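The values are calculated or read from the model by the stated rules, or taken from the named source; none is laboratory data. None of the values given here were measured: they were computed from a predicted structure. Reconstructed Cβ throughout: ideal geometry from the backbone, glycine too, with neighbour counts over all protein chains shown.
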Amino acid sequence: MTSATISTTTTTVETRHVLSDDERQIEQAVLAEIHALFSNPTGNQRETYDTLITKTPIADAVTLEAIDRDGVSGWWVRPAGAPADRAILFVHGGAYVLGSAKAYRGLASQVAVRAGVAAFVADYPLAPEHVFPAAPEAAAAVRRWLGSQGVSQVALVGDSAGGGLALSVLGDAATTSPSIASVAVFSPWLDLAMTGASFGSPDIHDPIFQPEMLAGPAAVYLAGADPKDGRASPLYAVPEALPPLLIQVGGDEILLDDSLRYAQAAGEKGGEVRLDIFEGLHHVFQGATRDLPPARRALDAVAAFLSRHWA
């Protein structure tokens, strides 16, 4: 279900999506499964996180290819008939300390199949072993590597910290190829200083995060660097010219204000911005394609958005 669409600037369209009663019940079951997994982990934190992420099924009719060469590591996820000259660069989340390209093949495949375009799911150096700016430097390098593979256009997609990294790639003014056709991010973490009102609002009831759950990883990742450095927190370095941008975020997330503020700043610079707020859904709910109809609808919208903006 979708409520009225509100135009907040001449270039930003905000849409609020609400759940049906049946969808609310499904959401509660999904949350219960997430909480049960982390309450009774079967491995270390990274293994448990990857177990959660791999619950998103790999779509049918894709081929998978592991890459570890030229300083680039990750996985190609290719739908049948995908063009060779365009690709989705998928940057995974995990608060800069968790996550892997292998675990995210399912979510990337769900986007890739809908869009009919191959996705490259990138690995990047994780903290505490590798601290800022290793991750944004790696993300920018993957874009350049895709260009060397014959990709002339790329769409950037990322979730949570990966959404922040995807938007950090826009700040790499020295790289012009492949061109960035569009960007779609899920619940992006864009302000590691955590100054957004939603971090402390009594009206926000995030079912996944408390502020301290992000403060710890931020400190480990930054290792003393300025949290307002635009490469770490893209909210503080919104480019003057942006490709078309789609942001999807849950209405009860402590990261809600990161999305709201970035969308406003991008719209004020004249970029095409679509901000979709999903009431009653959790952080990166898009991964629950197996159970949640709104997750499938959200990814349908992502694919349609990406498809509209190839040159």
Response to the item:
Per the filter on the stretch 2-22, residues at pLDDT below 50 and not small (Gly, Ala, Ser) are Thr2, Thr5, Ile6, Thr8, Thr9
Worksheet item: Within the stretch 153-212, can you find the residues that are among the polar types (S, T, N, Q) and in contact with a His (Cβ under 8 Å, 6 or more places away or on another chain)?
Response: Ser160, Ser182, Ser187
Worksheet item: What are the residue pairs meeting all of these: first residue in the stretch 165-192, first residue under 13 Å from Ala241 (Cα atoms) and small (Gly, Ala, Ser), second residue at pLDDT 95 or above and buried (at least 23 other Cβ atoms within 10 Å of the Cβ), Cβ atoms under 6 Å, and 6 or more apart or on different chains?
Response: Ala181/Ala155; Ser182/Ala155; Ser182/Leu306
Worksheet entry | Residues satisfying the stated conditions in the stretch 132-151, i.e. within 14 Å of Leu165 (Cβ to Cβ) and not basic (Lys, Arg) | Phe132, Pro133, Ala134, Ala135, Pro136, Glu137, Ala138, Ala139, Ala140, Ala141, Val142
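Can you find, within the stretch 187-209, the residue that is surrounded by the fewest Cβ atoms within 10 Å (Cβ to Cβ) among those that are hydrophobic (A, V, I, L, M, F, W, C) and over 20 Å from Ala138 (Cα atoms)?
The initial filter retains those residues of the stretch 187-209 that are hydrophobic (A, V, I, L, M, F, W, C), namely 189-190, 192-194, 197, 199, 204, 208-209.
Add one more test, that the residue is over 20 Å from Ala138 (Cα atoms), and what stays is 193-194, 197, 199, 204, 208-209.
Working: Ala193: 16, Met194: 19, Ala197: 13, Phe199: 21, Ile204: 19, Ile208: 19, Phe209: 19.
My answer is Ala197.
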Worksheet, complete the sentence: Scanning the stretch 287-298 residue by residue, those assigned to a helix (DSSP H, G or I) and either closer than 15 Å to Val18 by Cα or among the basic types (Lys, Arg) (or both) turn out to be Pro293, Pro294, Ala295, Arg296, Arg297, Ala298
Fill in: Condition met for Ser160 (in contact with a helix residue (DSSP H, G or I) (Cβ under 8 Å, 6 or more places away or on another chain), crowded, with 21+ Cβ neighbours inside 10 Å, polar (S, T, N, Q) and closer than 25 Å to Asp276 by Cβ)
no
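Go through the residues of the stretch 142-163 one by one and say whether even a single one is part of a helix (DSSP H, G or I), without any contact (Cβ under 8 Å) to a residue 24 or more places away in the chain and over 14 Å from the mean Cα position of the chain (by Cα).
No, the stretch 142-163 has no match at all.
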Worksheet item: Given the residues Leu275, Leu299, Leu260, which is the only one that is closer than 23 Å to Tyr104 by Cα and of a type in the set (A, V, I, L, M)?
Response: Leu299
Discussion item. I'd like to verify a number: residues in the stretch 49-76 that are on the phi > 0 side of the Ramachandran plot and surrounded by fewer than 18 Cβ atoms within 10 Å (Cβ to Cβ), how many?
Written reply: 3
Worksheet item: So which of Ala174, Ala134 ends up being at pLDDT below 95, out of contact with any Gly (no Cβ under 9 Å at 6 or more places or on another chain) and over 22 Å from Thr63 (Cβ atoms)?
Response: Ala174
Item to complete: Answer yes if at least one residue in the stretch 231-239 is touching a helix residue (DSSP H, G or I) at 6+ places or on another chain (Cβ under 8 Å), charged (D, E, K, R) and crowded, with 16+ Cβ neighbours inside 10 Å, and no otherwise.
Response: yes
Item to complete: Return yes when Asp68 is over 22 Å from the mean Cα position of the chain (by Cα), more than 20 Å from Phe209 (Cα to Cα) and free of Cβ contacts under 8 Å to residues at least 12 places away in the same chain and no when it is not.
Response: yes
